[in-house]
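Right, one structure below, let's go through it.
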Amino acid sequence: MVTTTEIALLLLVLVLLFGAYTVIKTIKPLIINAIVGLIILVVANVAGLGVAITPIAVLVCAVGGVPGAILVILLAYLEVAFAGMIAPFASLALV
């Protein structure tokens, strides 16, 4: 005989399953954009553009995709943001 506790647990599992499905469906494009943007940023670093790969830069790539990666590269090239430093303590050596 099926009890109300078993029916409640079955409904709870179904609600959690559908909730997990919608969360994964929502996050999947962000993960793909972040991976593609990270690959573009690594290629830009290999090309010598000096882009610092930070969590903020990856977040911009995740939300913006390829245009976000191009924006990060452009801001790094213009030295507005995301510019990588080769030797951050080199100026202290002269003091």
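The values are calculated or read from the model by the stated rules, or taken from the named source; none is laboratory data. As the structure is a computational prediction, the values presented were derived from the model and not from experiment. Methodologically, a virtual Cβ is constructed for each residue, glycine included, from the backbone with ideal geometry; neighbour enumeration extends over all protein chains shown.
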Hits in the range 1-21 (condition: of a type outside the set (A, V, I, L, M, F, W, C) and surrounded by 10 or more Cβ atoms within 10 Å (Cβ to Cβ)): 6, 19, 21
Residue match in the range 38-46 (condition: in contact (Cβ under 8 Å) with a residue 24 or more places away in the chain, out of contact with any strand residue (DSSP E or B) (no Cβ under 8 Å at 6 or more places or on another chain) and not in a helix (DSSP H, G or I)): no
Considering residues of the range 23-57 that are surrounded by fewer than 11 Cβ atoms within 10 Å (Cβ to Cβ) and under 19 Å from the mean Cα position of the chain (by Cα) only, the residue nearest to residue 72 (Cα to Cα): 55
Restricting the range 53-95 to residues that are outside any helix (DSSP H, G or I) and in contact with a Gly (Cβ under 7 Å, 6 or more places away or on another chain), the residue that is modelled with the lowest pLDDT: 84
